[in-house]
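The values are calculated or read from the model by the stated rules, or taken from the named source; none is laboratory data. What you see is a predicted model; the values in this text were computed from it and never measured. Positions of Cβ are generated from backbone atoms using ideal geometry, with glycine treated the same way; all protein chains shown enter the neighbour counts. Note: areas computed on protein heavy atoms with side chains; ligands, DNA, RNA excluded. Shrake-Rupley method; radii C 1.70, N 1.55, O 1.52, S 1.80 Å.
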Amino acid sequence: MNIDSQASFHSAAIWTISWVPEKAEVLAESSITAKLINGGVAGLVGVSCVFPIDLAKTRLQNQHGKAMYKGMIDCLMKTARAEGFFGMYRGAAVNLTLVTPEKAIKLAANDFFRQLLMEDGMQRNLKMEMLAGCGAGMCQVVVTSPMEMLKIQLQDAGRLAVHHQGSASAPSASRSYTTGSASTHKRPSATLIARELLRTQGLAGLYKGLGATLLRDIPFSIIYFPLFANLNHLGFNELAGKASFAHSFVSGCVAGSVAAVAVTPLDVLKTRIQTLKKGLGEDVYSGITDCARKLWIQEGPSAFMKGAGCRALVIAPLFGIAQGVYFIGIGERILKCFE
């Protein structure tokens, strides 16, 4: 999950091990129910572990002009000091709620495209694996896009509350969902934001930034799948018929981190476009091109890499956790209890 989802972990999204060629034969025997349980558990554990880093990523990517946060650690310290420990988990409930249906769509779509693109659905064909993964990513955006839209508003609310403390006379158009001082403002909720978007903009409001989400997630899968396959193949053990868990774990972390950093410019654009409420003096964007142009002119090329370190730190553990959940076979163990 791309917590960007990314998962996202989509974003921020977690790519499950069931799409790894070396594991295909073993996992083919697993039921779709076990896969969904594994995906859901991996998502829930992953979101709980790395969400504060994802929140820091969103706030770092959204700050304009004079930096409020010097980096990830500074952002997390200031957030904890101003909003408490649970302030670092703003928006986590949205991810925790939607991570399972996101996994269901991703897994079902990937299985469908594998069968469609390959004769028996199990043969090793890197190009077809990439296409199947891209197809799954395009399908999961049905859940990923609104999930990230709501998550970003909640994650950025604290930054805006502090921003508006020194801008009490800011025009209403640029105000946050919160009002008043940082200590008395009413915290926004995903339900409140979703209702307001549906009332004012219809369903399209929840899918703002859909194009940017696709633009980020598809290149991510194109980079990740071949890189992981090649790295994992380096540790292939002929006797075991697969790479060791430790090697697959490291391969997943490295491939995930590289892919995450590579698509960071696209993630920055997506975050800026999906952020509905702006601080005083912060730009509103009409689309991907307009956002990229203003970012380049006003903040320079380095702005496109904001939060890159945070993204790498978010994605790597997510892949590792997903690998661990599938290696242990939590879904299969749970199902055995009901037999």
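Quick notes on this one:
- Relative contact order of the range 191-303, defined on C-alpha pairs under 8 angstrom at six or more residues apart (%): 24 percent
- Inter-part distance where the range 40-93 and the range 288-315 are each reduced to a Cα centre, Å: 17 Å
- If the chain linking Gln115 and Ile328 were pulled fully straight, counting 0.36 nm for each residue of separation and taking away their Cα-Cα distance, it would gain 74.1 nm.
- Normalised by the number of residues in the range 249-313, the average gap of Cα pairs under 8 Å and 6 or more apart makes the relative contact order 49 percent.
- Sorted on the mean count of surrounding Cβ atoms within 10 Å across their residues, most packed first, peptides 201-212, 230-241 read 201-212, 230-241.
- Amide H partners (placed H, <5 Å) of Ala243, local residues excluded: Asn237
- Computed with a 1.4 Å probe over protein heavy atoms only, the accessible surface of the range 31-168 comes to 39 Å² per residue.
- Carbon + sulfur, % of accessible area of the range 270-339 - ligands and nucleic acids excluded, 1.4 Å: 65 percent
- Karplus-derived 3J(HN,Hα) values for the range 302-310, using 6.51 cos²θ - 1.76 cosθ + 1.60 with θ = phi - 60°, are 5, 5, 6, 10, 4, x, 4, x, 5 Hz; glycine and proline are entered as x.
- Per residue solvent-accessible surface (Å²) - the range 205-339, probe of 1.4 Å: 44 Å²
- A cut-off under 14 angstrom between Cβ atoms defines the neighbours of Ile73, and their net charge, with Lys, Arg +1 and Asp, Glu -1, is +4.
- The label-point distance for Ser48 and Ser302, in a model that sets each label 7 Å from Cα toward Cβ, rounds to 3.9 nm.
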